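Visitor: My questions will all concern the structure given below.
The numbers here are math on the coordinates, done by the rules we state, and not lab data. Just so we're clear, the structure is a prediction, and the values are computed from it rather than from any experiment. In this analysis, Cβ positions are derived from the backbone assuming ideal geometry, glycine residues included, and neighbour counts consider all displayed protein chains.
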């Protein structure tokens, strides 16, 4: 019974996600669904990418959080079109929230749209938003064993960012084990090691996103 | 409609949770539901507490993960009764899983039972397991803004641990803001600042858990 209900919800979401996907395609909008644990650095990655790309491409942001508008305020300060979605307890964004947000953002054609999902390494991976790119942000302090435990998230990723590499000297992070876990699930997503704090590795990531917008 | 379904699920869970709570009370079992983001240090905190308390009290552990038995293996090496619950995609433990696990663990009376929930700062807070203590582990690298975003988790906590304080010098963590967020939601839970890596602050936490078992 529970499985059926879940399937219905996912079925309805899928239909809306396909509508979003068509809309994004027609308007040449590159939608990036940014997913991660709480505090892995989703907002920091988005802010860094905005700084590097805002003079070459239109950018919009949908900020998903259970509560607060902390992250949307950070984005707004940069003069970027942003909308905050508060899920009010909900543990993920869904395609309907994206549809409503996109309408209210009035995005231009040729836009790079960041969708920052709720901080959660589990549920968001089950809900297609119609995005073109699924970006998963892992971070060094979370430990190297995360791909072994949060399988569907790493399986689903089109690009994986390993953030906070500046903390590597102070932690027992086994890089080899992390890559082993990732590659057992996903052999196509590039992995970028970055530090949003120091800027390390950001150039390569910016270049990848730039290519993805073309 | 969706709300009704959710209420039914939560209602059924609540009934089982009350059964667990009665069972724990009758057998004088102190059940601690350990909740946190992925990689905040739930297992490390449990391992540290086991090391300090295993000679004075019976200990059992239920390890919740979507997949893998990495954490249960770490516990088992210490000769502690442990059972791994793999939720197979599920984003939280529920009271029924705990009921089944407790039966199979055959716990003695006067036991300290750690229940390590799935790494998720959202969903686990909605599911009562029948525990006596809700322990929330936050960590410095996640940032000081988490209480403002993951409200129900910090509201529900009986004790809050701020782990990885050894990384404070390398991060922009605003301790005052963190406490402001916590205290806006919860004025009763003690907060322990610890580092599982260096052992800093563990004595006070061990003492608190020892008292809680009496």
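Visitor: Please quote Rg/Rh for segment A:2-212 to two decimal places, taking the Kirkwood radius as Rh and restricting both calculations to Cα atoms. Spell out each step's value before the answer.
Guide: Working: Rg = 16.5 Å, Rh = 17.4 Å.
That ratio equals 0.95.
Visitor: Sort A:111-122, B:59-70, B:190-201 by packing, meaning the average of other beta carbons within 10 Å per residue, with the highest value first. Please report the intermediate quantities before stating the final value.
Guide: Values: A:111-122: 26.8, B:59-70: 22.3, B:190-201: 17.7.
For the peptides A:111-122, B:59-70, B:190-201, the packing ranking is A:111-122, B:59-70, B:190-201.
Visitor: Highest mean first, what order results for A:83-96, B:152-165 on Cβ atoms within 10 Å? All intermediate terms of the calculation are to be shown ahead of the outcome.
Guide: Values: A:83-96: 19.2, B:152-165: 22.7.
Ranking the peptides A:83-96, B:152-165 by packing returns B:152-165, A:83-96.
Visitor: What number, in percent, do you get for the relative contact order of chain A if the mean sequence gap of Cα pairs under 8 Å and at least 6 apart is divided by its residue count? Intermediate values should be presented prior to the final figure.
Guide: Numbers: 394 pairs, mean separation 53.6, N = 214.
Averaging sequence separation for qualifying contacts and normalising by length gives 25 percent for chain A.
Visitor: Please give, to one decimal in nm, the separation of the simple spin-label points placed at residue A:110 and residue B:54, each 7 Å out from Cα toward the Cβ.
Guide: 6.4
Visitor: Additional query: Give me the distance between the Cα centres of segment B:134-185 and segment A:152-214, rounded to whole Å.
Guide: Rounded to whole Å, the Cα centres lie 25 Å apart.
Visitor: Scale the Cα Rg of the protein assembly as shown by the rule-of-thumb value 2.2 N^0.38 Å and send over the ratio, two decimals.
Guide: Details: Rg = 21.5 Å, N = 428, 2.2 N^0.38 = 22.0 Å.
Compared with the compact-globule rule of thumb, the protein assembly as shown sits at 0.98.
Visitor: Other chains' Cβ within 10 Å of A:149-156 residues: what's the mean? Kindly include the intermediate steps, with their values, before the conclusion.
Guide: Values: counts 11, 9, 5, 3, 2, 0, 0, 0.
Whole-number average of other-chain Cβ neighbours for A:149-156 is 4.
Visitor: Mind listing the label-point distances from residue A:180 to the same position on all other copies, shortest first, one decimal in nm, points 7 Å along Cα→Cβ?
Guide: Distances between equivalent label points, in nm: 4.5.
Visitor: Look at the axis of the rotation that sends chain B onto chain A, then give the chain B residue with the nearest Cβ and the distance in whole Å.
Guide: B:141, 2
Visitor: One decimal, nm, shortest first: give the distances between the label point of residue B:204 and those of the same position in the other copies, each label point 7 Å from Cα along Cα→Cβ.
Guide: 4.2
Visitor: Count, for each residue of B:111-121, the Cβ atoms from other chains sitting within 10 Å of its Cβ, then give me the mean as a whole number.
Guide: On the way: counts 0, 0, 0, 0, 0, 0, 0, 4, 9, 9, 9.
Per-residue shielding by partner chains comes out at 3.
Visitor: Let me ask another. Averaged over peptide B:124-136, how many Cβ atoms belonging to another chain are found within 10 Å of each residue's Cβ?
Guide: 0
Visitor: Could you give, in nm with one decimal, how far residue B:69 is from each other copy of that position, shortest first, with labels 7 Å out from Cα toward Cβ?
Guide: Between copies, matching label points for residue B:69 lie 5.0 nm apart.
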